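Here's the structure we're looking at; comments come further down.
The values are calculated or read from the model by the stated rules, or taken from the named source; none is laboratory data. Here the structure is a predicted model, which is why all the values come from computation and not from measurement. Neighbour counts are summed over all protein chains in view; Cβ atoms, including those assigned to glycine, are modelled from backbone coordinates with ideal geometry.
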């Protein structure tokens, strides 16, 4: 991964991207603070390596397990129809959002979850009493 023999005196080293294998320079100070030891030429390569089925050492703890505070989306989509609960939008399923009815993001009980399209979800929060927009409305 890191060829520390090259460029050592100039404050940078020649490294190879873990994903695409392209060589590039990285400052030695940035190499010293790597938590996992893998280098990437850019965000796309890091995200590709980090995605499901990728490099497990750099994946967040919740990846692939569907548990904890991140499981509410799967729970809602396993329980409810894949459409907006208010306007029946279902054209692009991936943009649908899961709304916490009581606004408590830690309350992931199925009764507290509602599938909404982005428009209905934004409208719900815009019109709510605790919305930051409420104070600005005339």
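Structure notes:
- Pairs meeting the criteria (first residue in the stretch 106-125 and in the same structural domain as residue 88 (by TED's automatic domain parsing) and touching a residue at least 40 places away in the same chain (Cβ under 8 Å), second residue surrounded by 13 or more Cβ atoms within 10 Å (Cβ to Cβ) and not in a loop (DSSP other than H, G, I, E, B), beta carbons under 6 Å, at least 6 apart or on different chains) are 113/72; 113/76; 113/98.
- Of the helices (runs of 4 or more DSSP H) that lie entirely inside the stretch 1-92, those containing 1 or more residues that are modelled with pLDDT of 90 or more, in contact with a strand residue (DSSP E or B) (Cβ under 6 Å, 6 or more places away or on another chain) and surrounded by 15 or more Cβ atoms within 10 Å (Cβ to Cβ) span 72-79.
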